[in-house]
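I have a structure I would like to understand better, so I am pasting it below and will then ask my questions one at a time.
The values are calculated or read from the model by the stated rules, or taken from the named source; none is laboratory data. The shown structure was predicted, so the numbers you read here are calculated from the model rather than taken from an experiment. Backbone-built Cβ (ideal geometry, glycine too); neighbour counts: all protein chains shown.
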Amino acid sequence: MNMIYTTGLFSLAVGGITSLLTAISLYANDNTTVGFFSSFVSVLAFLGGSFTPVDQFSETLQQLGNWLPNGAAMTSYLQIFQGFSFQDVFPLMIRVAGAAMICLVVAIMIFPKRRLD
């Protein structure tokens with residue numbers, strides 16, 4: 001069940017980031033802006049530890065990675081595999097849920113409204 005909770009919260013964060021990027025793309029309607037924010041996902045993946053283990057870098061990068069959705073989710077997965085309970089990874093999951101909510105709220109605020117012409 002711990003894996004299902006973690007996966008569910010992480011999928012909400014991915015959906016929130018996707019919604020935000022879609023809203024930015026529709027609002028800007030410019031290829032340069034879309035390209036810039038699309039590369040933002042790669043920066044999040046690098047800092048979160050998706051490309052290379054962040055443990056090999058400084059303590060600061062490791063702490064920053066645990067605040068990003070993919071870093072917090074990967075740390076949670078590893079800890080659950082090691083036998084930790086969901087209560088132990090709950091602070092990390094709160095970060096993931098918070099990121100999902102922030103992204104969704106911002107996406108809703110900037111999503112272009114339909115015009116009735």
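Select from segment 56-84 the residues that are modelled with pLDDT under 90 and surrounded by fewer than 11 Cβ atoms within 10 Å (Cβ to Cβ) and write down the one among them that is nearest to GLY16 (Cα to Cα).
THR60
Now a separate question. Within the set of pairs 6+ apart or on separate chains, which have a first residue in segment 1-12 that is over 16 Å from PRO91 (Cα atoms), a second that is in a helix (DSSP H, G or I), and C-beta atoms under 6 Å apart?
Short answer, once both residue conditions are applied: LEU12/ALA100.
Now a separate question. Take segment 19-55 and flag every residue that is of a type in the set (Phe, Trp, Tyr) and surrounded by 11 or more Cβ atoms within 10 Å (Cβ to Cβ).
Within segment 19-55, TYR27, PHE36, PHE37, PHE40, PHE46 meet the criteria.
Right, next: Which pairs turn up if I take residues in segment 54-76 that are aliphatic (A, V, I, L, M) and look for partners that are not in a helix (DSSP H, G or I) with beta carbon separation below 7 Å, at least 6 apart in sequence or on another chain?
Correct list of pairs: MET74/GLY49.
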